[in-house]
């Protein structure tokens, strides 16, 4: 059963062994040599596979006359609501309410639990039984209907609902059987193609037999004969038993019976004519042929009709057996087809992905049965039935698409807490129907993954891609309210407004984030850099961008990324030695790491070399740079190359320290000038970097452009406070 297992959860949420199906009922794997003839495929039922979240609402709790709420209810209720993702707290609350048998408390707990964990079909059954025991049969039916809207593939819940109706409806009323039959039809239409739906089909057949409708029972057996279910072979055996136990005219439709009767009579007549000719040659002269009654159906004729019926059904059965054989290993690999909060292991997740890959591949005609003879497909079953050619391709595509959707829905029961499967289902449906694809994302975000930001961001992207900016804004705003402080959400909102041409609104969102994060310096610096970049690159206003960075430095003077972005702003604009030197001086006075200060000083020296108007100013900056190197205990070569590992100190035999390069050849003696020494013949480029190669350190990840590499804002985590 698609959602089977939830009613086997104990009070603490532990899973117990399911005994719904005995091992003896499971058929063996079909032999590999079986034929794969094409029978008459079932038509895809025209029903919605997934539930509509808009219709999912719990009935309002009503006060009864039971008096006060049990003593420990509020304590357990608070524990569950303080940590709603703790499944154990919920099960303890529900177990306590069940022990106390308090109607109001039980309703309140079950409504809250099922709103958060709607795929636990066992608790829908418990809720319906609670209402039924209290005499509220109509409410019990409503609970079952609401549960089936959420998990229409739950065979157990369908059976529970049908049994509830059988126990409450007055079967003497003419409309009651029609009501039961309509529910059966809804059940097999929604869940009949589930691999474990055999019990629902069997119940339908037995109920029709109890009503004395043998033709209806045979029609149901005909339909299940086309469904690739686990107990497919038992259905064929039951059809044979049903056919042999009744007259053909009592189990076949009038049209099929008359067709087969005429065909068998014609065949029988031809056989008798041939036999009569042989007997006439052997009959003594003068003896007449014995008369046979006209218009009567002999038992021999009835047996021939049964044989023809089985010939027709056998083609369908063989084809269905081939479909089961193809799916058997995939189904066998799935060990937990029901919902549970415990995580699935990688093997199980891979099994679902592999199954989906295969089922989707069946939509491509080129991937279907490459070893099967096309001529055989055209001639199979031509003796009795032949489908119109124009219906074959469209019907097959529709049927295969329905099978893919059924498998996705089954997967989203077992893997409801995994975003990847919801996104994959959305991508599959998007090419067919935007509304259906949107419904999948809405169901995931509003019901099952309310606290998972990535799926909400996917939803907002989906809406923006399809032109619904209002809905995209609503999704992001709702996510930010439920998960406040998540940087990636605010950035996505600002980017949405920017792409929509609302630059002022984008700036306002970032400025609001800057104001709200002043108590968290790291986050404040992050948003300030984002805002400054927007003002500089898109607003073309370096003055406002400079002001944002300077204000941020007042709060976080030790943030090297702010200093770096401010320096980059001054360097990339109109060259101003005073502004650049002010940035460098501010960085050197800030509580930064020694190697960071050396790098800033190096950048100031390079700027002076490139843009200064006098050699005196260049030499002045150079001398300040040398003093800084001595103060911080570094060497000129380390600062120039930006690499502390290029040289190693080696001890000579007399104990003196000598600087020896591990890789580079000797260079010319140091001369106190501003330009790098001349290149040495045979030396590689890295040996000639000098302080002029500031780009080597500036392009390092920790000091790249605006330093975004270390933020990882695309991963959706809370930046450290």
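All of the numbers you see were taken from the coordinates with simple rules; none came from a lab. These numbers were taken from a predicted model, which means no experiment stands behind them. Quick reminder, even Gly has a Cβ in these numbers, built from the backbone with ideal geometry, and neighbours come from all protein chains shown.
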Practice task
Take peptides 259-268, 90-99 and line them up by average Cβ neighbours within 10 Å, highest first, as a rough protection proxy.
Solution key: 90-99, 259-268
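Give me Rg over Rh for the stretch 543-594, both radii from the alpha carbons and Rh done the Kirkwood way, two decimal places. Don't skip to the answer; put the middle values down first.
Working: Rg = 10.3 Å, Rh = 11.0 Å.
That ratio is 0.94, to two decimals.
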Completion exercise
Once normalised by the length of the stretch 413-566, the mean sequence separation of its alpha carbon contacts under 8 Å that are 6 or more apart gives a contact order in percent of 11 percent
Exercise for the section: Note down the nm distance, to one decimal, between modelled labels 7 Å out along Cα→Cβ at residue 258 and at residue 98. Expected result: 5.7 nm
Practice task
Can you give me the three principal axis dimensions of the stretch 504-564 from its C-alpha atoms, in Å, biggest first?
Solution key: 28, 22, 13
Completion exercise
Working note, the stretch 410-566: Cα radius of gyration (Å, one decimal) and Dmax (Å, whole number) are 18.4, 58
Fill in the blank from the handout: Share of Cα-Cα pairs in the stretch 477-580 beyond 18 Å, whole percent, is 48 percent
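Given that compact globular proteins tend to follow 2.2 N^0.38 Å, what is the ratio of the alpha-carbon Rg of the stretch 89-185 to that value?
On the way: Rg = 14.1 Å, N = 97, 2.2 N^0.38 = 12.5 Å.
Relative to the 2.2 N^0.38 Å estimate, the stretch 89-185 comes out at 1.13.
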Practice task
Find how much the distance from residue 86 to residue 267 grows on full extension, using 0.36 nm per residue of separation minus their present alpha carbon separation; answer in nm with one decimal.
Solution key: 58.0 nm
Completion exercise
Kirkwood radius from Cα pairs of the stretch 196-274 plugged into Stokes-Einstein at 10 °C, 1.306 mPa s, gives D in µm²/s equal to 115 µm²/s
Exercise for the section: Be a star and scan the stretch 194-217 for residues whose amide nitrogen sits under 17 Å from the point 7 Å along the Cα-to-Cβ vector of residue 399. Expected result: 194-195
Exercise for the section: Just grab the label-to-label distance for residue 334 and residue 508, each label 7 Å out from Cα along the Cβ direction, in nm (one decimal). Expected result: 4.9 nm
Handout entry: Centre separation in Å (Cα based) which lies between the stretch 550-573 and the stretch 82-102
Key = 53 Å
